[in-house]
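The values are calculated or read from the model by the stated rules, or taken from the named source; none is laboratory data. These numbers were taken from a predicted model, which means no experiment stands behind them. Quick reminder, even Gly has a Cβ in these numbers, built from the backbone with ideal geometry, and neighbours come from all protein chains shown. Just the protein is used for accessible areas: all its heavy atoms, side chains included, with ligands, DNA and RNA removed. Shrake-Rupley method; radii C 1.70, N 1.55, O 1.52, S 1.80 Å.
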Amino acid sequence: MKDNISERTRWLVCALAAALAAAALRRWQLASAFEPPLGLSVPGAQASVILVCVLLMAAAWLAILALSGYSRAEGQGCRWDLVFLGTGDWVYPALAVLAALLALAAAPCLLWMGWGQWEAYQQAKAMLAQGIEVQLPSNNGMLAMATAAGALASFLGLLQLGRDGLRPGKRGKGGFSAALPGVAGCVWLMESFRAHAANPVLWDYAPLLLSIVCGMLFYMDFAGISAGAARPRRLLWMAGMTLILSAAALVSAVGSGWADALLLLSQMLAAAGVLWRLSPSLENPPKTKAKPRPRPFGGESTQEETTYD
């Protein structure tokens, strides 16, 4: 028990400390590493260099933790999917439900923004049809509304994950629930790139880009656990980096709009839930054992049951 607690503490403390450091450095970078008139990055700015170093060191340290965190090799008998199916721990389901609610809160913001862009686009088209010279907007709002639909899908998937976390000993019906936020992240990535495509894609957009991509990979690895393709060490690394990169991106997202900030907070809570629930199982993974059971006509067969060492 002491080993499990220390394993969880090690992962959470390292990830949260690196996330706070990345957020503080990102704030310093926004205040000192960009030219005020154009917003272009200052070459060789101290904040940018230190932020890159911190992110690289955090990635390396989490990789070391992931590679050295096992006392046994991963085997085919390990049932990693059962780690997230309620064992009396309310922290992980609570974090998953909060992440789902934050994703749901982002949907109306995105829908309202997309509908406004759609109306502006239609008005410009009507004026052009009447012979009035206006510039047609390059964005018709469809991508923002599609991102709102993706946020709703994320809500459903994360809510199912939290619901599965309250079912001890049962395999959840929504085995691929984590894939929904991952697929929604693809649309979010396209919308965020569209919003920044007119500006130089430099340091100003890099933290958000990295956090969205890392979040997508994190959710896909999470979904792989239910598909029988568990990579717990890689999932823990992805969860830690998603938390760190999202914290850095959140600093600038708060000032630009609520939708990105809510989606970043959502994937941060989901990543924290995985760190909380999966890291203690490194030393004691769930596995299946074959238990003999006699057949009615004298033969013998085996039945799988799940046990925790």
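Over the range 46-156, what is the relative contact order in whole percent, taking alpha-carbon pairs under 8 Å and six or more residues apart?
Relative contact order comes out at 29 percent.
On full extension of the chain, what length is gained from residue 136 through residue 119, given 0.36 nm per residue of separation minus the C-alpha to C-alpha distance?
Additional length available on full extension: 4.9 nm.
Once the Cβ-Cβ distance between residue 227 and residue 31 is put in as r, and R0 is 35 Å, what FRET efficiency do you end up with, to the nearest 0.05?
After rounding, the FRET efficiency stands at 0.20.
Within the range 8-23, whose backbone N sits under 12 Å from a point 7 Å along Cα→Cβ of residue 57?
Correct set: 18, 21-22.
With every protein chain kept in place and ligands, DNA and RNA left out, what is the accessible area per residue of the range 14-151? Probe 1.4 Å, answer in Å².
55 Å²
Starting with the highest mean, order 101-113, 232-244, 209-221 by the number of other Cβ atoms within 10 Å, averaged over the residues of each peptide.
Listed from highest to lowest mean packing, they are 232-244, 209-221, 101-113.
Could you report the range 210-273's accessible area per residue, 1.4 Å probe, as an integer in Å²?
Ligands and nucleic acids excluded, the result is 31 Å² per residue.
Taking H placed 1.01 Å from N in the peptide plane, check which residues at least 5 places from residue 34 or on another chain put their amide H under 5 Å from its amide H.
42
Which order do the peptides 147-158, 123-134 take when ranked by the mean count of other beta-carbon atoms within 10 Å per residue, highest first?
The peptides rank, most packed first, as 147-158, 123-134.
Mind ranking 49, 187 by accessible surface for me, highest first, 1.4 Å probe?
Solvent-accessible surface, decreasing: 49, 187.
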